[in-house]
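Structure, as structure tokens:
The values are calculated or read from the model by the stated rules, or taken from the named source; none is laboratory data. Source: prediction; values computed, not measured. Backbone-built Cβ (ideal geometry, glycine too); neighbour counts: all protein chains shown.
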Amino acid sequence: MQHIDHFNVTYKARRSFRRLSGLLLAALALSTGLAMAQTPDAALPGKGIKVQALQGPLAEETFQTMLVDRALQALGYETQPIKEIAYPTAHIAVGNGDATFLAVHWDPLHQDYYRNAGGDAKLLRIGAYAGPAAQGYLIDKATAEKYKITNIDQLRDPAIARLFDHDGDGKADLTGCDPGWGCEAMIEHHMDGYQLRPTVKHVQGSYSALIADTIGRYQRGEPILYYTWTPYWVSSVLVPGKDVVWLQVPSSSNPEGLDTRMADGSNYGFSVNTTRIVVNRAWAEKNPAAVKLFEIMRLPIADINAQNERVRNGQGSKADIARHTAGWIKYHQPLFDSWIAQARAAAKP
């Protein structure tokens with residue numbers, strides 16, 4: 001009888017243990033299922049957070065901005081349609097929190113815009129998204145070789161300047177830069193610093209229209225003098241060294257007192273720029289994943305030039321540029337995925 005009682009007790013204990021084990025396993029399965037269900041959210045640190053990107057007025061900048069938006073979307077951020085706005089206003093809008101980021105801040109060209117928008121107190125300037133980017137003055141190679149023109153200082157000579165006069169006022173017509181871009185202020189500084197005002201006129205307006213007219217003159221065999229920058233499609237149409245030549249400047253003349261000489265000793269009068277991403281500082285402090293993304297994204301100059309050439313050839317709609325962006329991501333998928341992985345890791349506590 002005692003043996004039977006012992007057996008019953010043992011059997012009941014085992015049955016209770018099995019029941020408890022079943023409950024534990026069920027609880028474990030439930031918790032595992034919940035964890036798996038939460039994994040996508042954990043991988044989307046930007047879920048539910050809206051992002052507003054700004055860019056300048058050039059369609060050629062949309063590709064760079066859209067690529068950043070696509071990466072943010074992969075992190076769960078809700079990107080709004082990109083807005084085009086003048087650079088000074090864009091910096092102020094980001095600093096005030098009316099927008100999230102600007103992916104085309106040229107450093108040091110846009111330094112004044114950054115300072116005037118609140119500087120480091122309101123903004124965070126991150127990474128080295130694209131560059132190095134050169135800027136400067138060019139003339140057609142035929143005129144350069146015929147008259148041995150290598151330096152913009154030679155345009156102080158009225159006879160040399162008149163070679164580039166297209167409106168009959170006796171001054172060289174320099175195809176310049178749109179007001180509000182930053183480059184126009186540097187050109188104006190050079191006009192005084194290199195004593196060019198008596199013989200050179202800075203022609204401003206719509207750069208796209210002006211450079212199209214300049215290219216037309218070149219195709220008609222006329223001398224041309226213009227400002228441009230890289231990356232931009234102009235240098236794939238007027239190819240430096242083949243069609244046109246860069247002009248040197250006599251010395252560095254820069255409002256910031258910067259030395260504009262390049263590593264090879266050339267001096268085009270403009271500092272070599274790096275395109276950085278500027279983001280609202282308060283927003284950045286709450287979004288470490290996005291900050292990490294901005295730090296590590298890199299876009300080769302050659303890729304920007306290639307995409308810009310497509311825009312010039314008629315593929316400049318938002319749908320076209322979205323297709324270019326998707327194609328770039330697909331071609332560079334492992335690199336793109338590595339950006340997203342590193343950004344996600346930065347969001348973990």
Checklist outcome for this item: Condition set under 16 Å from Asp153 (Cα atoms) and polar (S, T, N, Q), scope the range 231-259, selection modelled with the lowest pLDDT: answer is Asn254
Next on the checklist: It is to be established whether one or more residues within the range 295-318 are closer than 25 Å to Lys50 by Cβ and of a type in the set (Asp, Glu).
Outcome noted: yes
Next on the checklist: Where the second residue is surrounded by fewer than 17 Cβ atoms within 10 Å (Cβ to Cβ) and the first is touching a residue at least 24 places away in the same chain (Cβ under 8 Å) and lies in the range 303-319, which pairs have Cβ atoms under 7 Å and are six or more apart or on separate chains?
Outcome noted: Asn305/Ser236; Glu309/Ser236
Checklist entry - Ser251: without any contact (Cβ under 8 Å) to a residue 40 or more places away in the chain and either part of a loop (DSSP other than H, G, I, E, B) or buried (at least 20 other Cβ atoms within 10 Å of the Cβ) (or both), yes or no? => result yes
Item to check | Residue that is more than 19 Å from Cys177 (Cα to Cα), surrounded by fewer than 16 Cβ atoms within 10 Å (Cβ to Cβ) and in contact (Cβ under 8 Å) with a residue 60 or more places away in the chain, where the choices are Ala282, Ala289 | outcome: Ala282
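This table checks each residue for (1) closer than 24 Å to Gln204 by Cβ; (2) surrounded by 19 or more Cβ atoms within 10 Å (Cβ to Cβ); (3) touching a Phe, Trp or Tyr at 6+ places or on another chain (Cβ under 9 Å); (4) not assigned by TED's automatic domain parsing to the domain that holds Ile92.
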| site | (1), (2), (3), (4) |
| --- | --- |
| Asn116 | yes, no, no, no |
| Gly119 | no, no, no, no |
| Ile152 | yes, yes, yes, yes |
| Leu155 | yes, yes, yes, yes |
| Gly170 | yes, no, no, yes |
| Thr175 | yes, yes, yes, yes |
| Trp181 | yes, yes, yes, yes |
Checklist entry - Among the residues of the range 320-340, how many are of a type in the set (S, T, N, Q) and in contact (Cβ under 8 Å) with a residue 60 or more places away in the chain? => result 1
Item to check | Scan of the range 176-205 for residues that are of a type in the set (S, T, N, Q) and closer than 14 Å to Val234 by Cβ, ordered by number | outcome: none
Checklist outcome for this item: With the first residue restricted to the range 133-160 and required to be more than 29 Å from Asp107 (Cα to Cα), and the second required to be of a type in the set (Ser, Thr, Tyr), Cβ contacts under 6 Å at 6 or more apart or on different chains are Arg156/Thr199; Pro158/Thr199
Next on the checklist: Can you pull out every residue in the range 301-344 that is at pLDDT below 95 and either among the acidic types (Asp, Glu) or farther than 17 Å from Thr62 by Cβ (or both)?
Outcome noted: Ala302, Asp303, Glu309
Checklist entry - Limited to the range 217-248, what total is found for residues that are part of a loop (DSSP other than H, G, I, E, B), of a type in the set (D, E, K, R) and buried (at least 16 other Cβ atoms within 10 Å of the Cβ)? => result 1
Item to check | Complete set of residues in the range 59-92 that are without any contact (Cβ under 8 Å) to a residue 60 or more places away in the chain and within 25 Å of Arg310 (Cα to Cα) | outcome: Glu61, Thr65, Asp69, Gln73, Thr79, Gln80, Pro81, Ile82, Lys83, Glu84, Ile85
Next on the checklist: Please count how many residues of the range 74-88 are more than 18 Å from Tyr207 (Cβ to Cβ) and either out of contact with any Ser or Thr (no Cβ under 7 Å at 6 or more places or on another chain) or modelled with pLDDT under 95 (or both).
Outcome noted: 9
Checklist entry - Any chance the range 84-93 includes a residue that's among the hydroxyl-bearing types (Ser, Thr, Tyr) and under 22 Å from Leu293 (Cα atoms)? => result no
Next on the checklist: When you check Gly265 against the structure, is it assigned to a loop (DSSP other than H, G, I, E, B) and crowded, with 19+ Cβ neighbours inside 10 Å, yes or no?
Outcome noted: no
Checklist entry - Mind checking which residues of the range 90-114 are surrounded by fewer than 17 Cβ atoms within 10 Å (Cβ to Cβ) and either in a helix (DSSP H, G or I) or in contact with a Phe, Trp or Tyr (Cβ under 6 Å, 6 or more places away or on another chain) (or both)? => result Asn96, Asp112
Checklist entry - How many of the residues in the range 127-167 are part of a strand (DSSP E or B), under 22 Å from Gly216 (Cα atoms) and not small (Gly, Ala, Ser)? => result 5
